[in-house]
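Have a look at the structure below before the remarks.
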Amino acid sequence: MTTTPVRQSVTVTVNGQEYVREVPTYRTLVDFIRYDLGLTGTKEACSVGVCGACTIELDGRIAASCITLAARADGATITTIEGVADGDNLHPVQEAFINHGGFQCGACTPGQIMAAKALLETNPSPTEPEIKEWMMGNLCRCTGYYQIIESIQAAAEAK
Amino acid sequence: MNDFAFHAPETLDEALGLLAQHGADAKVMAGGTSLTTLLKQSLIAPGHIVSLHRVRECAAIEASDGVIRIGGLATQRDVELSPVVKERAPLLAEAYRRVATVRIRNVATVGGGVAQADPAMDPPPSLLILGASVVAKSARGERVIPIGEVYADYYETTLEPDEIVTELRVPAQPSGAAWTYIKYLPRTEDDYATVSVAAIGRAEGGSVADVRVALGAVAPTAIRASVVEDALVGQPATSDALREASQAVSEIVDPTDDPRGSAWYKRDMSVVFTRRALEQVLGLA
Ligand SMILES: Cc1cc2nc3c(=O)[nH]c(=O)nc-3n(C[C@H](O)[C@H](O)[C@H](O)COP(=O)(O)OP(=O)(O)OC[C@H]3O[C@@H](n4cnc5c(N)ncnc54)[C@H](O)[C@@H]3O)c2cc1C
Ligand code: FES
Ligand code: FES
């Protein structure tokens, strides 16, 4: 890394609020969200697109923020886990994860919720195989997956 | 990550101009799903990134005269869901559907996939047997290259650094032929294939009227199994004939040992999954 990084102005709308930040061109979107915007709900684990911890919604589709450059998101509309609840009212997917034990340590949970929410927006009543196929990119080292699937099924029914 | 200038052109022509200007010191970025990791791991250190995220051209998927034209900037998810592709080349829709996870396919583009040229990717075997070609544009002009001539080696293509893949042209699948794409995943569902096989075939009156087979993940590029096709066309479609013909792939594959399997295992599985694919498309499964 050189001492005078090339900087880039990035304007994004995150959870309905506009932010403008000047960052080095090599800044990843996950670092931008966590450290430049202070929204630390989004986690980084594998850093190579495999685990799903960093899942966000980018212009209406889920994406891995660890393998996206912040500069590439200039002008984008983003939703992170912080924007999922409506004030104090949790999203049905969040409620379901709490009620059905869909998490233990919680490290993977923001990504799981973002992915599950996107699934239900695409397919409001998914079958179990459809849930498994969509969620296969979100790894969890604690829960054992069954309760995650149950949580998503419950959220689908609650809607 | 190394330091680089980031360019976000609004049009294809502007992007081509930037690539012409900066030559081999520039890298084009589409979805960035592979390129960002290469940058982060300092496996490449270009001085300029030309990002295509603002370019609105080259993303449509259309068909005319039996040829599907897929814009180089279409996402892999767009291809998977495209009614045009599903109707005319269901094999291709399925091959793209099997790429990674929805989170990656939402962002990864068709052109980025072609240029990345990892032999373990899902689309290449299908693109080979469908006879796809790649349209590559540069400030110098445009080339149309058969897909088999694009893949050169592991992660290597015959594309020039100033060229952008603007379109993939894919002839529609022959109607009345059966098709399959087998992605063999002994580890996890979201992995790259250990061995993959795409096949199209049609049996008529007990004989093989048409058959096409290609394999992925078992050589420096995806490979078409012409030896198998030549041995079968016009011959009786019997289990023994398919079994015998499949053996020939062990001579053309050139796999390596990696965490997805040893070379000898992949060689064996190439034969097994070629046979299964043939059985499926020739009505003997
Ligand atoms: C976690 C993970 C899992 C994956 N699993 C699979 C899998 O199971 N199967 C599979 O098939 N693939 C898999 N992939 C690979 C994926 O398909 C590629 O990363 C993707 O196709 C690259 O497209 P992109 O648009 O993101 O390209 P980028 O990352 O932007 O670019 C990749 C390369 O192509 C060049 N390039 C990009 N666009 C163009 C263009 N239009 N013209 C010329 N050159 C261009 C770039 O300069 C770079 O060299 C996986 C990737 C990840 C991150
Ligand atoms: S941290 Fe981004 S997918 Fe794992
Ligand atoms: S709850 Fe701990 S990793 Fe998923």
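Assuming R0 = 22 Å, what is the FRET efficiency of B:D240 and B:W264, from their Cβ-Cβ distance, to the nearest 0.05?
FRET efficiency, B:D240 to B:W264: 0.35.
Give, rounded to the nearest 20 debye, the magnitude of the charge dipole that the stretch B:178-281 has about its Cα centre when Lys and Arg contribute +1 at Cβ and Asp and Glu contribute -1 at Cβ.
Computed charge dipole of the stretch B:178-281: roughly 120 debye.
Along the charge dipole of the stretch A:7-83, pointing to its positive end and built from +1/-1 on Cβ of Lys, Arg, Asp and Glu, which listed residue (A:Y19, A:G38, A:S65) has its Cα farthest out?
My answer, from the dipole projection, is A:S65.
With the alpha-carbon atoms as the only input, what is the per residue convex hull volume for the protein assembly as shown in Å³?
148 Å³
Which part of the stretch A:102-130 falls in the paramagnetic zone of A:Y146, meaning amide N under 18 Å from the point 7 Å along Cα-to-beta-carbon?
What the label zone holds, given the 18 Å backbone N cut-off, is A:102-105, A:128-129.
Can you tell me the alpha carbon radius of gyration of chain B divided by the globular rule-of-thumb value 2.2 N^0.38 Å? Don't skip to the end; give the middle numbers.
Working: Rg = 19.3 Å, N = 285, 2.2 N^0.38 = 18.8 Å.
Scaled against compact globular proteins, the figure is 1.02.
Short version: ³J(HN,Hα) in whole Hz for each residue of the stretch B:108-113, in order, from phi by Karplus 6.51 cos²θ - 1.76 cosθ + 1.60 (θ = phi - 60°), x for Gly and Pro, what are they?
For the stretch B:108-113, the Karplus-derived couplings read 5, 9, 5, x, x, x Hz, x marking Gly and Pro.
Given labels modelled 7 Å from the Cα in the Cβ direction, how far is it in nm from A:S9 to B:E142?
Between A:S9 and B:E142, the simple spin-label model gives 3.6 nm.
Would you mind calculating the relative contact order of chain A from Cα pairs under 8 angstrom and at least 6 residues apart, reporting the percent as a whole number?
23 percent
Return the FRET efficiency for the residue pair A:D88, B:E10: r is the Cβ-Cβ distance, R0 is 56 Å, and the value is rounded to the nearest 0.05.
It comes to 0.85.
Between B:S175 and B:Q21, take the C-beta separation as r, use R0 = 41 Å, and let me know the FRET efficiency to the nearest 0.05. Walk me through the intermediate numbers first.
Working: r = 47 Å, r/R0 = 1.14.
E between B:S175 and B:Q21, to the nearest 0.05, is 0.30.
Any idea of the accessible area per residue across the stretch A:7-83, 1.4 Å probe, to the nearest Å²?
35 Å²
Kindly compute the accessible surface that chains A and B hide from a 1.4 Å probe when together, both sides summed, and give it to the nearest 100 Å².
The summed interface area works out to 2700 Å².
Looking at chain A as a GNM with Cα springs under 10 Å, which of A:Q112, A:Q17, A:Q94 has the largest mean-square fluctuation?
Per the Cα network of chain A with a 10 Å cutoff, A:Q17 tops the list.
What full-extension length gain, to one decimal in nm, is calculated for B:S226 and B:Q41 as 0.36 nm per residue of separation minus the Cα-Cα distance?
62.8 nm
Given the options A:T79, B:L232, A:F103, identify the residue whose Cα lies farthest towards the positive end of the charge dipole of the protein assembly as shown (+1 on Cβ of Lys, Arg; -1 on Cβ of Asp, Glu).
Farthest along the dipole direction, towards plus: A:F103.
Could you please state how large a percent of the accessible area of chain B is carbon and sulfur, counting protein chains only and using a 1.4 Å probe?
Carbon and sulfur: 47 percent of the exposed surface of chain B.
Looking at chain A only, what percent of DSSP beta bridges run antiparallel? Nearest 5 please.
Around 90 percent antiparallel, to the nearest 5.
B:D210's amide H: which non-local residues (gap 5+, or another chain) put their own amide H closer than 5 Å, with H modeled 1.01 Å from N in plane and none for Pro or chain starts?
So B:D210 has HN proximity to B:R202.
Please list 3J(HN,Hα) in residue order for the stretch A:74-84, calculated via the Karplus relation 6.51 cos²θ - 1.76 cosθ + 1.60 where θ = phi - 60°; whole Hz, with x for glycine and proline.
Residue by residue, the stretch A:74-84 yields 4, x, 7, 10, 10, 10, 10, 4, 5, x, 7 Hz.
The values are calculated or read from the model by the stated rules, or taken from the named source; none is laboratory data. Just so it is clear, the structure is predicted and the values come from calculations on it, not from any experiment. All Cβ positions, glycine included, derive from the backbone under ideal geometry; neighbour counts span all protein chains shown. For accessibility, only protein heavy atoms count, side chains too; no ligands or nucleic acids. Shrake-Rupley method; radii C 1.70, N 1.55, O 1.52, S 1.80 Å.
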